[in-house]
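For reference, the structure is listed below as structure tokens.
The values are calculated or read from the model by the stated rules, or taken from the named source; none is laboratory data. Small disclaimer: the values here were computed from a predicted structure and weren't measured. For neighbour counting, all protein chains shown are included, and Cβ atoms are generated from backbone atoms with ideal geometry for every residue, glycine included.
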Amino acid sequence: MRLGWVQRRRNYDLDIGSPSSPNAGASFGGWKTSLDFDQFDRMHFPTRGWAAQLSYFDSPEVGYSKAEANLQGAFALGGTVFNARFRYTGSPRGVLPFYDAGYLGGFLNLTAFAPNQVVGDDIRYLGLRTERIIGHLPLGLSGDMRLGFALEAAKVGMRYSESKSDGLIDSAAIYLGGQTPFGPAYLGFGYSTSGVSNLFLFVGTP
């Protein structure tokens with residue numbers, strides 16, 4: 001558990017999205033408390049366990065608060081691993097400013113969309129995926145090699161981008177993943193019925 005005063009400097013520059021979205025920046029501070037639990041059996045590619053990250057930030061000078069929750073779980077049946085993830089970002093008080101909004105997009109965060117393509121307030125995300133262990137990486141590399149399939153959906157209460165896409169946002173992905181000397185690596189393809197798709201090579205933790 002952590003509790004303290006946080007001073008932030010945020011800059012927002014448009015990379016993808018509506019040209020009407022502003023470039024913005026601000027310096028602001030507030031109180032933040034956070035809780036972090038991790039009961040997974042592995043740091044990467046877990047086969048069982050759960051994890052939870054919870055945080056709350058309140059900025060008196062800007063007049064808003066930000067609550068975030070990230071809940072994950074995994075279990076295995078034979079050589080197949082099932083994973084679930086729920087994520088929430090919202091503002092219990094006021095409205096999240098553009099430069100401190102919630103984001104979706106990128107691998108296992110609405111995979112079909114570019115990283116941080118979907119911006120807004122009151123975000124609810126659910127991801128379900130299954131991974132089949134299809135082998136082990138060659139000598140010198142550790143961990144399993146997995147073939148995965150993911151289904152994802154999200155609801156954004158107040159959108160700052162992708163405003164023409166009302167209702168539920170969906171995404172499906174198929175990928176290969178494994179541990180490398182540079183961290184976890186994934187190669188795959190994501191698609192959404194909204195008409196966007198994404199071919200990706202991702203190195204790191206989603």
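In segment 103-116, what residues are touching a residue at least 24 places away in the same chain (Cβ under 8 Å) and either in contact with a Leu (Cβ under 6 Å, 6 or more places away or on another chain) or not polar (S, T, N, Q) (or both)? LEU104, GLY106, PHE107, LEU108, LEU110, ALA112, PHE113, ALA114 - these are the residues of segment 103-116 that are touching a residue at least 24 places away in the same chain (Cβ under 8 Å) and either in contact with a Leu (Cβ under 6 Å, 6 or more places away or on another chain) or not polar (S, T, N, Q) (or both). Here VAL62 meets the list (1) within 20 Å of the chain's Cα centre (by Cα); (2) without any contact (Cβ under 8 Å) to a residue 40 or more places away in the chain; (3) more than 26 Å from ARG129 (Cβ to Cβ) almost entirely, failing just condition (1). On inspection, LEU201 passes the criterion of being under 17 Å from the mean Cα position of the chain (by Cα), over 17 Å from TYR125 (Cα atoms) and either at pLDDT 90 or above or crowded, with 19+ Cβ neighbours inside 10 Å (or both). Within segment 1-27, the residues that satisfy the criterion of being hydrophobic (A, V, I, L, M, F, W, C) and either in a loop (DSSP other than H, G, I, E, B) or modelled with pLDDT under 65 (or both) are MET1, LEU14, ILE16, ALA24. Within segment 152-173, being within 20 Å of PHE86 (Cα to Cα) and surrounded by 14 or more Cβ atoms within 10 Å (Cβ to Cβ) holds for GLU152, ALA153, ALA154, VAL156, MET158, ARG159, ILE169, ASP170, SER171, ALA172, ALA173. For segment 178-197, the set of residues classified as more than 17 Å from the chain's Cα centre (by Cα) and either surrounded by 19 or more Cβ atoms within 10 Å (Cβ to Cβ) or outside any strand (DSSP E or B) (or both) consists of GLY178, GLN179, PRO181, PHE182, THR193, SER194, GLY195, VAL196, listed by residue number.
Checked against the criterion of being exposed (fewer than 15 other Cβ atoms within 10 Å of the Cβ), modelled with pLDDT under 95 and of a type outside the set (S, T, N, Q), segment 140-151 has at least one qualifying residue. Can you find even one residue in segment 120-136 that is modelled with pLDDT under 95, more than 12 Å from the chain's Cα centre (by Cα), crowded, with 16+ Cβ neighbours inside 10 Å and within 20 Å of HIS44 (Cα to Cα)? Yes: one or more hits. Remark: pairs (first residue in segment 70-99, in contact (Cβ under 8 Å) with a residue 60 or more places away in the chain; second residue surrounded by fewer than 17 Cβ atoms within 10 Å (Cβ to Cβ) and basic (Lys, Arg); Cβ separation under 6 Å; 6+ apart in sequence or on different chains) = TYR99/ARG10.
The number of residues in segment 28-63 being touching a Lys or Arg at 6+ places or on another chain (Cβ under 9 Å), farther than 15 Å from PRO206 by Cβ, at pLDDT 95 or above and buried (at least 16 other Cβ atoms within 10 Å of the Cβ) comes to 5.
Screening PRO115, PRO92, PRO46 for residues that are in a loop (DSSP other than H, G, I, E, B) and within 23 Å of THR193 (Cβ to Cβ) leaves exactly one candidate, PRO115.
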